[in-house]
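Enquirer: Structure incoming, see below.
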Amino acid sequence: MSVSRRTFIAAGALAALPIPAFAQEKVVRFGISMADVPLTTGQPDRGAGAYKFTGYTLYDPLVAWEMDISDRPGKLIPGLATEWKVNDADKTLWTFKLRDGVKFHDGSGFNADAVIWNFDKVFDTKAPQFDQRQASQVRPRLPSVASYRKIDDMTVEVKTKVVDALFPYQMLWFLVSSPAQFEKLGQDWNKVASEPSGTGPFKLARRVPR
């Protein structure tokens, strides 16, 4: 099983090997204690460990976690959002400024519409893209979200149920998948599982359950 720099093959019981910067193609084996490949559609199941297997590999959150240091605790850093802040007049309102120029693996553009679409994917049971499997994984990790809306093409606002200074930490779990890929594959999450599209550092080429 071989992967390019932006290709990730999800298969059961894969040991991490470093990929030299000069290599165009290398075998990567990643070992993890799971019975099967976690969900690849955007919100992994099978616990927090799945986020490093089919979560942060294929997808990005709005707010990311610093994971390239080992001599001190990590901190929150920009992900698909370049900045976020709470409203001075109403501390239940959070504004997220989105990163410009980002493309999903399928070539479609990332913007505020994609973020709102992903919120609906897990919060709006009447939305065509609502997926109970993904909702069951991420909604418990976003307990403060009351509502959300688009401000402009690169800005979204989230309202929390109560004043919550730790809300940005919840956003670490919210991963953004491609609305265009969902439409391309006939609005079928089972098909998207085999051809997912995120903005993460790896692109899935082949999925082999168990």
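Enquirer: Mind listing whichever residues of the stretch 64-85 are in contact with a Gly (Cβ under 9 Å, 6 or more places away or on another chain) and open to solvent by 40 Å² or more (accessible area, probe 1.4 Å)?
Expert: Taking the stretch 64-85 as the starting set, the residues that turn out to be in contact with a Gly (Cβ under 9 Å, 6 or more places away or on another chain) are 64-68.
If the condition is that a residue be in contact with a Gly (Cβ under 9 Å, 6 or more places away or on another chain) and open to solvent by 40 Å² or more (accessible area, probe 1.4 Å), then Trp65, Met67, Asp68 are the ones that fit.
Enquirer: Looking at (1) open to solvent by 10 Å² or more (accessible area, probe 1.4 Å); (2) out of contact with any Leu (no Cβ under 9 Å at 6 or more places or on another chain), find the lone condition where Glu157 falls short.
Expert: Of (1) open to solvent by 10 Å² or more (accessible area, probe 1.4 Å); (2) out of contact with any Leu (no Cβ under 9 Å at 6 or more places or on another chain), only one is false for Glu157: (2).
Enquirer: Right, next: Pull up the stretch 10-63, narrow it to residues that are of a type in the set (Phe, Trp, Tyr) and surrounded by 11 or more Cβ atoms within 10 Å (Cβ to Cβ), then point me to the one that is modelled with the lowest pLDDT. Steps first, please.
Expert: Here is the first cut: in the stretch 10-63, the ones of a type in the set (Phe, Trp, Tyr) are 22, 30, 51, 53, 56, 59.
Still in the list and also surrounded by 11 or more Cβ atoms within 10 Å (Cβ to Cβ): 30, 51, 53, 56, 59.
On the way: Phe30: 70, Tyr51: 89, Phe53: 85, Tyr56: 94, Tyr59: 97.
Residue satisfying both the conditions and the ranking: Phe30.
Enquirer: Just give me the residues in the stretch 144-154 being open to solvent by less than 70 Å² (accessible area, probe 1.4 Å) and of a type outside the set (Asp, Glu), in sequence order.
Expert: Of the stretch 144-154, the ones open to solvent by less than 70 Å² (accessible area, probe 1.4 Å) are 144-148, 152, 154.
Answer for the stretch 144-154, where residues must be open to solvent by less than 70 Å² (accessible area, probe 1.4 Å) and of a type outside the set (Asp, Glu): Ser144, Val145, Ala146, Ser147, Tyr148, Met154.
Enquirer: So, one more: So for the stretch 99-112 (the condition being assigned to a helix (DSSP H, G or I), under 25 Å from Thr57 (Cβ atoms) and not aliphatic (A, V, I, L, M)), does at least one residue qualify? Steps first, please.
Expert: Within the stretch 99-112, the subset assigned to a helix (DSSP H, G or I) is 112.
So of that shortlist, the ones also under 25 Å from Thr57 (Cβ atoms) come out as 112.
Among the residues that remain, those that are also not aliphatic (A, V, I, L, M) are: none.
Taking every residue of the stretch 99-112 in turn, none turns out to be assigned to a helix (DSSP H, G or I), under 25 Å from Thr57 (Cβ atoms) and not aliphatic (A, V, I, L, M).
Enquirer: Among the candidates Ala135, Ala180, which residue alone is farther than 15 Å from Lys85 by Cα, in contact with a Gly (Cβ under 9 Å, 6 or more places away or on another chain) and surrounded by 15 or more Cβ atoms within 10 Å (Cβ to Cβ)?
Expert: Numbers: Ala135 fails: in contact with a Gly (Cβ under 9 Å, 6 or more places away or on another chain).
Answer to the check: Ala180.
Enquirer: Say whether the condition of being modelled with pLDDT of 95 or more and closer than 17 Å to Asp45 by Cα is met by at least one residue in the stretch 148-167.
Expert: no
Enquirer: Within the stretch 87-106, work out how many residues are buried (at least 18 other Cβ atoms within 10 Å of the Cβ) and closer than 16 Å to Leu166 by Cβ.
Expert: 2
Enquirer: Still on this structure: Go through the stretch 107-124 residue by residue and tally those that are in contact with a helix residue (DSSP H, G or I) (Cβ under 7 Å, 6 or more places away or on another chain), open to solvent by less than 20 Å² (accessible area, probe 1.4 Å) and not small (Gly, Ala, Ser).
Expert: Selection size over the stretch 107-124: 2.
So that you can scan it fast, the table gives a plain yes or no per residue for (1) in contact with a helix residue (DSSP H, G or I) (Cβ under 9 Å, 6 or more places away or on another chain); (2) within 17 Å of Asn118 (Cβ to Cβ); (3) not aliphatic (A, V, I, L, M):
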residue: Ser144; (1), (2), (3): yes, yes, yes
residue: Val158; (1), (2), (3): yes, yes, no
residue: Pro179; (1), (2), (3): yes, yes, yes
residue: Ala193; (1), (2), (3): no, yes, no
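The values are calculated or read from the model by the stated rules, or taken from the named source; none is laboratory data. What you see is a predicted model, and the numbers here were worked out from it, not measured in a lab. Methodologically, a virtual Cβ is constructed for each residue, glycine included, from the backbone with ideal geometry; neighbour enumeration extends over all protein chains shown. Note: accessible area is taken over every heavy atom of the protein model, side chains too, but ligands, DNA and RNA are not part of it. Shrake-Rupley method; radii C 1.70, N 1.55, O 1.52, S 1.80 Å.
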